[in-house]
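The values are calculated or read from the model by the stated rules, or taken from the named source; none is laboratory data. Please read all numbers here as calculations on a predicted model, not as lab measurements. Neighbour counts are summed over all protein chains in view; Cβ atoms, including those assigned to glycine, are modelled from backbone coordinates with ideal geometry.
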């Protein structure tokens, strides 16, 4: 029997990453899989004011702290997926109006934080537990190099990975177009071509696992808020109007090839599981900003699912 823990959409939340590793150890899995969107979206400057005093604008308010509170501030910022950055006041004033310099700092902090995350793997997990990650649509392209060069993790993008003697997994972090215009988006036609190319590398699609970040279209794993022209949710009768936003290309690949298992994410609010033909498809959802790990523990023997259990905490 093979045991897998699958999660996705951490968006820089260090607390969720640690819980993912801890849960993988506790549940004694064979493979721990993080399906996409590893990195955060924002740097929070912690400005040194002198006399061991610091200020940071965080969660809608300005915090004035001393050096004894610095560690807790770093932890709080990392906990919701942002990157704390300690900076002297004079330098802060010079770069605050320079978008290029700010972006350079973000890139450096993001890559260093991800490397630190990957360094935790063997601190927490024995060698026999393999860890696979696949950058998602929100992850910049230079994170691929950070993952690729780290000895303790496998970058799944486009690769065929042997999960056990019978099952291979192929991964794709690219998604269909969204209103957010993120790094790894492409038209459904291009996404379909990419997926066909990846799938062609498999020995046997019937026993395969498709780790595709985009959920299949109209699967109930892809329900998101309908947005107006200002990207605000549309509310009707006191409720948010929902619509399917998953990928038609992913749906087509699942229906065409009927793999054993589909692992998906991307749409945080659509956690669940569904069967499309012979294929079990799951989306753990995400509550990364609250520091909550949402995952699926999946046990299987041959092409029989022994356990499909949500893990949250």
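Run down 12, 35 and say which single residue is under 15 Å from residue 85 (Cα atoms) and assigned by TED's automatic domain parsing to the domain that holds residue 136.
Details: 35 fails: under 15 Å from residue 85 (Cα atoms).
Only one candidate passes the filter, namely 12.
Does residue 228 satisfy the criteria of being in contact with a strand residue (DSSP E or B) (Cβ under 8 Å, 6 or more places away or on another chain) and either within 25 Å of residue 286 (Cβ to Cβ) or in contact (Cβ under 8 Å) with a residue 12 or more places away in the chain (or both)? Show your work before the answer.
Details: in contact with a strand residue (DSSP E or B) (Cβ under 8 Å, 6 or more places away or on another chain): no; either within 25 Å of residue 286 (Cβ to Cβ) or in contact (Cβ under 8 Å) with a residue 12 or more places away in the chain (or both): yes.
Answer is no for this residue.
Of the residues that sit in the range 2-38 and are within 22 Å of residue 303 (Cα to Cα) and assigned to a loop (DSSP other than H, G, I, E, B), which one is modelled with the lowest pLDDT?
35
Residue by residue through the range 186-206, note down the ones that are surrounded by 17 or more Cβ atoms within 10 Å (Cβ to Cβ) and touching a strand residue (DSSP E or B) at 6+ places or on another chain (Cβ under 8 Å). If you could, list the steps in order and put the result at the bottom.
The initial filter retains those residues of the range 186-206 that are surrounded by 17 or more Cβ atoms within 10 Å (Cβ to Cβ), namely 188, 191-192, 195, 198-199, 202, 205.
Listed by number, the residues that qualify are 188, 191, 195, 198, 199, 202.
Do you know which residues across the range 236-257 are surrounded by fewer than 12 Cβ atoms within 10 Å (Cβ to Cβ) and over 22 Å from residue 271 (Cβ atoms)?
Correct list: 236, 237, 238.
Looking at 103, 139, 164, which one is part of a loop (DSSP other than H, G, I, E, B) and more than 20 Å from the chain's Cα centre (by Cα)? Let's see the steps before the verdict.
Working: 103 fails: part of a loop (DSSP other than H, G, I, E, B); 139 fails: more than 20 Å from the chain's Cα centre (by Cα).
Step by step, each of 103, 139, 164 is checked, and only 164 is part of a loop (DSSP other than H, G, I, E, B) and more than 20 Å from the chain's Cα centre (by Cα).
Would a scan of the range 130-141 turn up a residue that is under 23 Å from residue 28 (Cα atoms), surrounded by fewer than 21 Cβ atoms within 10 Å (Cβ to Cβ) and either touching a helix residue (DSSP H, G or I) at 6+ places or on another chain (Cβ under 6 Å) or assigned by TED's automatic domain parsing to the domain that holds residue 229 (or both)? Can you show your working first?
Restricting attention to the range 130-141, the residues satisfying the condition of being under 23 Å from residue 28 (Cα atoms) are 130-134.
Subset that is surrounded by fewer than 21 Cβ atoms within 10 Å (Cβ to Cβ): 130.
When the remaining residues are screened for being either touching a helix residue (DSSP H, G or I) at 6+ places or on another chain (Cβ under 6 Å) or assigned by TED's automatic domain parsing to the domain that holds residue 229 (or both), the result is 130.
Scanning the range 130-141 turns up at least one residue that is under 23 Å from residue 28 (Cα atoms), surrounded by fewer than 21 Cβ atoms within 10 Å (Cβ to Cβ) and either touching a helix residue (DSSP H, G or I) at 6+ places or on another chain (Cβ under 6 Å) or assigned by TED's automatic domain parsing to the domain that holds residue 229 (or both).
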